[in-house]
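Have a look at the structure below, then the notes.
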Amino acid sequence: MSQTRHVPVMLQRCLDMLAPALEAPGPQPPVVVDCTLGLGGHSEALLAAFPTARLIALDRDKEALRLSGERLAPYGDRATLVHAVYDELPEVLDRLGVPKVQGILFDLGVSSMQLDESDRGFAYARDAPLDMRMDQTTGISAAEVLNTYPPGELVRILRAYGEEKQAKRIVSAVVREREKEPFTNSARLVELIREALPQAAMRTGGNPAKRTFQALRIEVNGELTVLERAIPAAVSALAVGGRIAVLAYQSLEDRLVKQVFAAGAANTAPPGLPVVPERYQPRLKLLTRGAELPTEEEVAENRRAAPARLRGVQRIREDER
Ligand SMILES: C[S@@+](CC[C@H](N)C(=O)[O-])C[C@H]1O[C@@H](n2cnc3c(N)ncnc32)[C@H](O)[C@@H]1O
């Protein structure tokens, strides 16, 4: 595996954010969970930076686990790699007999490897089978979504997950085309989108197929639904003093993370109480004001860092029993 294929995004910032939780002395070695192992860039840095920590790393992509397994082999049993979707975190920790953890990292989205593997269909810039499943052992492909979903459902997906204003126009063209012949490859979809869009829409923001591809990918992998369950589950898995860092690359994911963190950091007392009882006190402290962005230098060196938004929280209180 080429180690230069994926440059971990905002790496030092993520390490610094998690450090106080992973360096604090405790009766047991600290546990850090990388929910999105990918090619193991962040994971390897976590193992190197926090020599007493144990790493549990999840990925739904078996190929990512295989490649990272080789990369992290020198760390022996300090690293446990698990094939799982990250909303399964509570079950994974249960199986491993780990009640609470000190650090959790999410680096959302697809990996460079997934984008670069031309046969997986994530990239609109290259012709490939329209697959887009991060876990190729289960679920339905992007082609099946495109060929079988009712038009109204496709419009909803393109609008909600792709923020595509021309969703109706694109879906009408898709439906016309799929009746002639089902979609199998990405190039035909890209071409169709180009033809379907008015000139004015083509002039705004990059490849006109980008939003449709994002929407299909989110649908195929159930990305937002899974994330919506995973962030609260991660908060629940944190020991007091534990920290979570999340890197999001598109506004829908970032919004969701922001909402869960903000809700956890607010007190939930009815207005007007002179003293806020413990059960209404916030469970979380925000570690970022708004979202942190990569520096210009990082973006200049790694274009894939450009859309990154980093948010972090610290657990400051147990749940009320
Ligand atoms: C951006 S990459 C992570 C890159 C990694 N931080 C590195 O430095 O190499 C995201 C990874 O998360 C995985 N992933 C995305 N959604 C997931 C989910 N719901 N559950 C588990 N893994 C997921 C993808 O398969 C991909 O390998």
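Laid out as a table, the results:
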| quantity | calculated |
| --- | --- |
| Per-region count, the range 101-131, residues of a type in the set (Phe, Trp, Tyr) and either over 20 Å from Ile193 (Cα atoms) or open to solvent by 30 Å² or more (accessible area, probe 1.4 Å) (or both) | 2 |
| Elements of type strands (runs of 3 or more DSSP E) contained in the range 219-321, each with 3 or more residues being within 30 Å of Ser141 (Cβ to Cβ) | 238-248 |
| Inter-residue pairs, beta-carbon under 8 Å, first in a helix (DSSP H, G or I) and in the range 29-50, second of a type in the set (Gly, Ala, Ser) and more than 8 Å from the ligand (Cβ to nearest atom), 6+ apart | Ser43/Ala57; Ser43/Ala79; Leu46/Ala53; Leu46/Gly103; Leu47/Ala53; Leu47/Ala79; Ala49/Ala19 |
| Cβ pairs under 9 Å, 6+ apart, first in the range 290-306 and of a type in the set (Lys, Arg), second modelled with pLDDT under 95 | Arg304/His6; Arg304/Val7; Arg304/Ser112; Arg304/Leu115; Arg304/Tyr249 |
| Conditions (1) open to solvent by 50 Å² or more (accessible area, probe 1.4 Å); (2) part of a loop (DSSP other than H, G, I, E, B); number of the one not met by Arg66 | (2) |
| Where a residue in the range 89-116 is over 21 Å from Arg229 (Cβ atoms) and more than 8 Å from the ligand (Cβ to nearest atom) and its partner, wherever it lies, is in a helix (DSSP H, G or I) and open to solvent by less than 20 Å² (accessible area, probe 1.4 Å), with Cβ under 7 Å and at least six apart | Gln102/Ala21; Gln102/Leu22 |
| Pick from the range 43-63, criterion within 16 Å of the ligand (Cβ to nearest atom) and exposed (fewer than 14 other Cβ atoms within 10 Å of the Cβ), ranking: farthest from Pro25 (Cα to Cα) | Lys62 |
| Some residue of the range 72-86 being more than 11 Å from the ligand (Cβ to nearest atom) and in contact (Cβ under 8 Å) with a residue 60 or more places away in the chain | no |
| Candidate set: the range 9-28, residues that are over 18 Å from the mean Cα position of the chain (by Cα) and not in a helix (DSSP H, G or I); chosen: the one farthest from the ligand (Cβ to nearest atom) | Pro27 |
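The values are calculated or read from the model by the stated rules, or taken from the named source; none is laboratory data. Small disclaimer: the values here were computed from a predicted structure and weren't measured. Positions of Cβ are backbone-derived with ideal geometry, glycine not excepted, and every protein chain shown enters the neighbour counts. Accessible surface is based on the protein model in full, side chains and every heavy atom, while ligands, DNA and RNA are left aside. Shrake-Rupley method; radii C 1.70, N 1.55, O 1.52, S 1.80 Å.
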